[in-house]
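The values are calculated or read from the model by the stated rules, or taken from the named source; none is laboratory data. Since this is a predicted model, take the numbers as computed values, not measurements. Cβ placement follows ideal geometry from the backbone for every residue including glycine, while neighbour counts extend to all protein chains displayed. Surface areas here come from the heavy atoms of the whole protein model, side chains and all, with no ligands, DNA or RNA. Shrake-Rupley method; radii C 1.70, N 1.55, O 1.52, S 1.80 Å.
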Amino acid sequence: MKKTNLGAAHTGFHDWYWQRVSAVCLLIGIPILLGLLLATYNGNIPFYTLNLWLTHPVAKSFSILFLLALTMHIWTGLKVIIEDYVHSTFGRIMVLNVLLLILLGFGFYMSYHIWAELSYSFSCLPCGLR
Amino acid sequence: MKSSSQDKQVLLNAAPISPRLSIYRWRLTMLASIMHRASGVFLVLVIPAAFWLLLTMAHDNTNYMYALVWLQGPIGTFLLWLTSVALFYHFSNGVRFLCLDAGWGESRTMMKTSAKLVLASTLFMAILLAIKI
């Protein structure tokens, strides 16, 4: 039997699939992130060590991948919720587009923060000459 | 489309497609699902902030000191506890959902048992973290 009413999105497989893919990425990344924060909070990681770990280029690359998975998971998760509870088509489109803009801004801002220090050492013009 | 015609369409399709809290009877598995959404929305607000906080702390010594003092204050401690509990719930229930997607534990009793397991371990974790933090 084929379902005729597919819901507000009219299609859903890709969202469903990428939600799972990003979930598996976060499954690995988030315990590391929160573990670091808790250990720092308890005073087990001094500034020098935290700086050394998180500003290493390998850690920065993983941070970018984590950021990608995080924004993807936020987008797919909130999209499903909005499609379920915002019933007017106009309202749904408005809310989803505003959300997309916020997420894009967040992604750009965070990736800038992640790579900022490398940019400084390359003395990149838009990132500020020190 | 007006909402009344949408309601009629859903009824005609036999299986309602969106969660209708006023129609369904409350069950443990449904509570687990709703709480997954609620904790997810909460984490959207907090986890990006935690990520930003950690990176900011890692980039500057003075930022590190400011953030640590704030984190160890009452607001920071409470937020860290709440985030950890919400994250633990979303995390373990997410693993449960992934297992269900893979086709493991799809029977009614297994779904109920796993929902109980997730809720109970979250309660345990909340108490443990309240003592530890």
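General remarks:
- Here is the interface size for B with A: some 3900 Å² of accessible area buried, both sides summed, with a 1.4 Å probe.
- The local environment of B:Met110, defined by Cβ-Cβ distances under 15 Å, has a net charge of +3 under the rule Lys, Arg +1 and Asp, Glu -1.
- Within the accessible area of the range B:27-132 (1.4 Å probe), percent carbon and sulfur: 76 percent
- Residues of the range B:100-133 with amide N under 19 Å of the 7 Å Cα→Cβ point at B:Gln72: B:130-133
- Normalised per residue, the accessible area of the range A:57-96 is 50 Å², obtained with a 1.4 Å probe and no contribution from ligands, DNA or RNA.
- Per-residue 3J(HN,Hα) values for the range A:73-90, derived from phi via the Karplus relation 6.51 cos²θ - 1.76 cosθ + 1.60 with θ = phi - 60°, read 5, 4, 4, 5, x, 5, 4, 4, 5, 5, 5, 6, 10, 9, 8, 7, 4, 4 Hz in sequence order (x marks Gly and Pro).
- Given A:Lys60/B:Lys116; A:Lys79/B:Lys132; A:Lys79/B:Lys112, the pairs whose alpha carbons are separated by over 32 Å: A:Lys60/B:Lys116; A:Lys79/B:Lys132
- Simple spin-label estimate for B:Val41 and B:Phe124 gives 3.0 nm between the two label positions (7 Å along the Cα-to-Cβ direction from each Cα).
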